[in-house]
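The values are calculated or read from the model by the stated rules, or taken from the named source; none is laboratory data. On a predicted model such as this, the values are computed, not experimentally measured, just so you know. Because the Cβ atoms are built from the backbone with ideal geometry, glycine has one as well, and the counts that use them run over all protein chains shown.
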Amino acid sequence: MRRTIFGFVVIVLFQAILLSGCTGDAAAGQPPVEEEDFMMGTVITQKVYGAGAADAVKEVSAKLKDIESRMTINQPGGEVNRLNAAAGKEAVVLSGETLGVLETAVRYSELSSGAFDVTIGPLVKAWGVFTDQPRVPEKGELERLMKLTDYRRLKIDRGHSSAQLEIEGQIADLGGIAKGHAGDEAIAIYRKHGVKSAYINLGGNVVVLGKKPDGTPWRIGIQNPRGPSQSYLGIVTVEDKAVVSSGDYERYFEKDGVRYHHILDPKTGYPASSGLIGTSIIADVSMDADALSTATFVLGLEKGMKLVNSLQGVEAIFVTEEKEIYVTEGLKGNFKFTDQSGEFRYVEKS
Ligand code: AMP
Ligand code: MG
């Protein structure tokens with residue numbers, strides 16, 4: 001997908017994509033129910049097998065729409081906009097679902113020492129990467145907005161089912177985690193309908209249920225951050241997992257030859273430049289993987305690796321701007337290096 005707007009180029013690619021020809025459709029005997037929607041600012045693809053598939057797919061599409069309307073800050077209405085409008089004024093009562101996502105976002109903000117910051121909204125709005133008129137803000141403006149970026153000033157009160165942003169002008173932005181949550185909700189709906197085998201890709205957030213219908217694990221391609229879409233650096237083989245990727249190639253604009261991407265460093269106000277160009281996280285819970293992919297992208301290789309290694313059952317793939325690929329210890333037997341460009345190097349030593 002490529003749009004040219006006012007001289008800026010916005011490119012949306014899908015980092016982790018189901019490898020075509022590996023779905024085992026034929027072995028299953030029955031084709032999957034497939035659905036493609038444009039929601040949450042991206043293309044969402046579902047591929048669902050078995051008797052309950054058609055109903056499950058429909059319910060998932062409706063649920064994703066619901067999540068988007070509750071959690072977006074790019075359209076009016078919804079719960080997060082309500083929270084933001086009351087910043088510096090009062091606490092607002094929110095659904096348990098939205099509170100849960102906010103809580104997880106705060107937890108990863110803490111775990112990453114603010115590399116992931118759920119209150120990144122003012123900076124995201126200033127750069128306008130999601131608008132038709134992205135811009136490079138003045139340093140002074142960024143410094144002012146960085147003061148509003150402070151997850152410690154988002155207070156959640158489960159007892160009253162409410163949340164409050166304490167500083168006027170603060171904006172919570174769930175863009176780095178909401179698609180992850182949506183993936184978990186999708187899997188829960190598939191299960192509810194008795195589905196045993198399903199795949200959903202929310203713009204680079206892949207989540208799979210069970211195995212492929214032919215009984216073999218899913219093979220998920222890890223996008224080459226500098227290659228055309230669907231050129232892979234490697235393949236991971238998974239079942240019942242989320243494989244979530246973040247990168248500087250997913251959404252960006254260029255001005256005067258400089259690339260400005262959509263993942264911001266709360267400590268500088270500028271797009272993160274930690275030395276990574278892509279991160280992929282493999283975990284049981286897609287929401288965790290989503291927060292971690294964004295967090296580790298900001299943290300960089302060393303700190304990102306340390307954070308992932310401190311968590312149970314989480315694996316990662318990091319791609320550096322030197323075009324080196326590093327994976328966590330637990331993934332070493334399960335990452336197949338497949339780069340065809342010849343530009344990347346798989347560094348197997350830890
Ligand atoms: P992802 O594609 O999951 O890495 O998320 C990127 C999105 O998360 C951006 O489009 C912003 O909406 C938001 N975001 C950007 N930088 C940060 C950050 N440092 N912490 C939390 N969310 C961020
Ligand atoms: Mg993310």
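Since Glu90 meets every condition but one in (1) surrounded by 15 or more Cβ atoms within 10 Å (Cβ to Cβ); (2) not in a helix (DSSP H, G or I), which condition does it not meet?
The number of the failed condition is (1).
Which of the residues that make up the range 243-255 are within 11 Å of ligand 2 (Cβ to nearest atom) and not charged (D, E, K, R)?
Scanning the range 243-255 gives Val244, Ser245, Ser246, Gly247.
Six or more apart or on different chains, Cβ under 8 Å: which pairs go from a residue in the range 259-279 that's in contact (Cβ under 8 Å) with a residue 24 or more places away in the chain to one that's in a loop (DSSP other than H, G, I, E, B) and basic (Lys, Arg)? Could you list them?
His261/Arg251; His262/Arg251; Ile277/Arg226
Residue by residue through the range 285-309, note down the ones that are in contact (Cβ under 8 Å) with a residue 40 or more places away in the chain and away from ligand 2 (no atom under 16 Å from the Cβ).
Residue satisfying the conditions is Lys303 alone.
Does the range 113-132 hold any residues that are in a helix (DSSP H, G or I) and under 15 Å from Ile177 (Cβ atoms), and which are they? It would help to see each step written out before you state the result.
Residues of the range 113-132 that are in a helix (DSSP H, G or I), as a first pass: 121-127.
Selection gives Gly121, Val124.
With respect to Gly21, is the statement that it is closer than 30 Å to Arg219 by Cβ, of a type in the set (Gly, Ala, Ser) and either at pLDDT 90 or above or in a loop (DSSP other than H, G, I, E, B) (or both) true?
So Gly21 passes the test.
Taking into account only those residues within the range 139-174 that are without any contact (Cβ under 8 Å) to a residue 60 or more places away in the chain and assigned to a loop (DSSP other than H, G, I, E, B), which is surrounded by the fewest Cβ atoms within 10 Å (Cβ to Cβ)?
So the residue we want is Lys147.
Identify, by number, the condition in (1) surrounded by fewer than 24 Cβ atoms within 10 Å (Cβ to Cβ); (2) among the polar types (S, T, N, Q); (3) outside any loop (DSSP other than H, G, I, E, B) that Gln312 doesn't meet.
The failed condition is (3).
Do you know which of the residues in the range 175-190 that are of a type outside the set (Val, Ile, Thr) and more than 12 Å from ligand 1 (Cβ to nearest atom) is farthest from Ala295 (Cα to Cα)? Walk me through it before giving the result.
Taking the range 175-190 as the starting set, the residues that turn out to be of a type outside the set (Val, Ile, Thr) are 175-176, 178-186, 188, 190.
So of that shortlist, the ones also more than 12 Å from ligand 1 (Cβ to nearest atom) come out as 184-186, 188, 190.
On the way: Asp184: 19, Glu185: 22, Ala186: 23, Ala188: 25, Tyr190: 28 Å.
Among them, the one singled out is Tyr190.
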